[in-house]
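In what follows, a structure is listed as structure tokens, so that the remarks can point back to it.
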Amino acid sequence: MSSAPSPADDVTTVDVTTPHGTPLTVSTPSGPRRGGVVVIQDARGLTPYLRSVCGRLAAEGWLAAAPHLYHRQGFTETDPAGDWSSAPSDMLAFTGPGIQADVDAALGYLAAAGVPAQNTAILGFCMGGTVALATAARVQLGAAVSFYGGAVSTSYWTGVPPLVELAPSLRGPWLGLYGEQDALITLDEINALRAAAATADAPTELVSYPGAGHAFHSDRPALHRREAAADAWARALAFLDQHASTRA
């Protein structure tokens with residue numbers, strides 16, 4: 001992600017396992033904390049890219065915890081080369097209860113670390129953006145951010161309705177970041193999600209980028225769009241600060 005600085009050298013990133021058996025990648029800031037963020041992977045798992053996101057959040061003062069969602073399927077949680085051709089189908093093997101259990105384990109980790117609920121957020125990419133919105137409709141959090149979350153009009157997983165159905169039930173502030181050239185999410189779906197989120201009893205915003213497609217924030221050169229990625233990341237940090245930070 002050349003559009004943004006690398007995490008600070010003094011950020012500590014480790015892998016831990018919660019009492020519930022969920023593996024987490026955790027990045028800890030060296031100084032005062034703004035709060036905590038659960039970071040949800042895209043279909044490729046806990047890649048170096050996803051770990052770098054955790055590190056960048058920690059460099060900004062957030063305690064970041066990313067659950068390894070594929071642990072239930074025994075996968076190694078990494079696809080650095082971007083050639084995991086079965087990832088789109090593998091992710092469909094997730095279940096709503098399994099995802100919820102792993103997200104709740106990450107939330108529990110942050111709570112045990114002393115992060116209050118109002119200073120806890122969730123942020124996700126691709127299918128992780130779907131999980132972020134679904135979680136924010138289920139749990140009271142300080143903020144939620146979805147980078148190009150799919151399943152807008154058709155569900156991925158049993159027990160997790162499409163995002164247009166969930167969005168009106170958002171229980172806290174939500175920010176959506178989408179590319180208008182996304183081959184997986186149509187512009188009509190983006191506009192429908194924006195309208196649905198606007199009916200929620202919480203602050204919502206959906207920003208769409210005309211020159212960007214799916215995974216425009218990722219580390220894959222063919223998909224990365226520098227200007228959109230930089231703007232979206234800045235908006236995400238500002239949204240977290242506004243709604244979930246102890247310094248707000």
By my count, helices (runs of 4 or more DSSP H) wholly in the stretch 30-131 with at least 3 residues that are at pLDDT below 90, farther than 21 Å from Gly149 by Cα and small (Gly, Ala, Ser) are none
Of the candidates Ile190, Ile185, the one satisfying the condition of being part of a loop (DSSP other than H, G, I, E, B) and without any contact (Cβ under 8 Å) to a residue 60 or more places away in the chain is Ile185
Checked against (1) at pLDDT 95 or above; (2) under 14 Å from Thr130 (Cβ atoms), Ala215 satisfies every condition except (1)
Per the filter on the stretch 170-198, residues within 20 Å of Ala234 (Cβ to Cβ) and surrounded by 24 or more Cβ atoms within 10 Å (Cβ to Cβ) are Trp174, Leu175, Gly176, Leu177, Tyr178, Gly179
Of the conditions (1) over 19 Å from Val131 (Cα atoms); (2) in contact with a His (Cβ under 9 Å, 6 or more places away or on another chain); (3) surrounded by 13 or more Cβ atoms within 10 Å (Cβ to Cβ), the single one that Arg34 does not satisfy is (2)
Inside the stretch 105-146, the number of residues satisfying the requirement of being without any contact (Cβ under 8 Å) to a residue 60 or more places away in the chain, surrounded by fewer than 24 Cβ atoms within 10 Å (Cβ to Cβ) and closer than 15 Å to Leu57 by Cβ is 0
Residue hits (the stretch 157-167; crowded, with 16+ Cβ neighbours inside 10 Å and part of a helix (DSSP H, G or I)) are Leu163, Val164, Leu166, Ala167
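The values are calculated or read from the model by the stated rules, or taken from the named source; none is laboratory data. Remember, it's a predicted structure, so these values are computed and weren't measured experimentally. In this analysis, Cβ positions are derived from the backbone assuming ideal geometry, glycine residues included, and neighbour counts consider all displayed protein chains.
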